[in-house]
1. I'd like to compare 251-260, 148-157: which one has the highest average count of other Cβ atoms within 10 Å, and what's the full order after that?
2. Quick one: go through the stretch 153-168 and flag any residue whose amide nitrogen is under 19 Å from the point 7 Å out along the Cα-to-Cβ line of residue 273.
3. Order of 115, 80 from fewest to most other C-beta atoms within 10 Å?
4. Checking the a/c ratio against 1.5 first, then a/b against b/c, what shape does the Cα gyration tensor give for the chain?
5. Hey, with R₀ at 22 Å, roughly what FRET efficiency would residue 287 and residue 114 work out to, going by the Cβ-Cβ distance, to 0.05?
6. At most 15 other Cβ atoms within 10 Å and a DSSP loop assignment: could you name the chymotrypsin sites (Phe, Trp or Tyr not before Pro) in the stretch 27-118 that fit?
7. Tell me which of 203, 179, 273 sits at the most positive position along the dipole axis of the stretch 156-304, charges placed on C-beta atoms (Lys, Arg +1; Asp, Glu -1).
8. Order these by the 10 Å Cβ neighbour count, fewest first: 82, 109.
Amino acid sequence: KSRMIMDVDTGIDDALALLFAVKSGDIQLEGITTVFGNVSVEQATQNTLQVLELAGAPADIPVAVGAGRPLFREWLGPVEHIHGDNGIGGYKLPAPKRKPIEEHAADFIVRKVNEHKQELTLVFVGRLTNLAIALAKDPSIAQKVKRLVLMGGALRVPGNVTPVSEANIWGDPEAAHRVFESGMPITMVGLDVTMKTILREEHVEQMKRQASADDEPMVSFVEQILEYYFKAYEEHNGFYGSPLHDPMAVAVAVDPSLVETEDHLIKIETKGALSAGATLGDLRRARAVTNASVCVRVDSERFINKFIDVLAGNPSL
Ligand code: BDR
Ligand code: CA
């Protein structure tokens, strides 16, 4: 099993990523850290605890609360038009019994990476703020993680918040800059691949057919948050469907054969008036020194089937 820490800003696709991670038989979740982004860090934490409970995750998985705003910028507020006012499309889940731990997310990451040297995969599917803070506290963790797999960035495709920037990088460019300069082995799962894997109504139907009756509460949650997300994407992006941004980062962390990568020297734009948060690679020529494996192609069909199978409770199919 892969030992993993996930960092989430639990909105809709983060919730799907959490369900996928908990229900996949291949992952040992060492903990979850939370961050502002789609919603406030408080709301992200609440949603995370609720989704873990819904998924039937072991009650002792630590959840550590992290940053409530970017390193040097103001936080511009929740992304309600995509994720709803509570981050999960307005869906009301029962109050969680579990509570977050006292330790800050950044301290938790530093401690766990040192405890499991070269064994821990970090999967970040929100702003990189908690990791930048952890690196400031203990730069040596860059050499001790097995790998960072992050959902974020866009190399050869447009952004989704600005013409050139993807939300997770745009939302704290200075944090992303520090992470990309840290020397940590990075796999970038960006819009180049996530926009090519679109979940549609027929996939939800397939999941419902495959799931057992015991999974009804989870299936109905997934169905309803996806319906919200489908509509939001129709209104703002012109297609009725859901890119599997955050779940794909989890899947790639466990099974890198789902994607093809290219190694690049990725620089984060932190100064641009129009381009802050851009992930710039040199597309003219290969560089001798690189800092990230960028996913450029994905086997969408295999990934979507895996996603449906895991959520429907047949992870080994
Ligand atoms: C990313 O931004 C967030 O809204 C999603 O949860 C995902 O992590 C996609 O750009
Ligand atoms: Ca996210």
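1. Working: 251-260: 19.0, 148-157: 24.4.
Ranked by mean Cβ neighbours within 10 Å, highest first: 148-157, 251-260.
2. 162-165
3. With the sparsest Cβ surroundings first, the list reads 115, 80.
4. Working: a/c = 1.38, a/b = 1.22, b/c = 1.13.
Taking the square roots of the gyration eigenvalues as a ≥ b ≥ c, the chain is rounded.
5. Details: r = 31 Å, r/R0 = 1.41.
Efficiency for this residue pair is about 0.10.
6. Values: sites: 36, 72, 75, 91, 108; in loops: 36, 72, 75, 91.
When the chymotrypsin sites (Phe, Trp or Tyr not before Pro) of the stretch 27-118 are filtered for loop state and at most 15 Cβ neighbours within 10 Å, 72 remain.
7. Ranked along the dipole, the leading option is 273.
8. Numbers: 82 21, 109 30.
Listed from fewest to most nearby Cβ atoms, that is 82, 109.
The numbers here are math on the coordinates, done by the rules we state, and not lab data. Fair warning: this is a prediction, and the values are worked out from it, not measured in the lab. Virtual Cβ from ideal backbone geometry, glycine too; neighbours counted across all protein chains shown.
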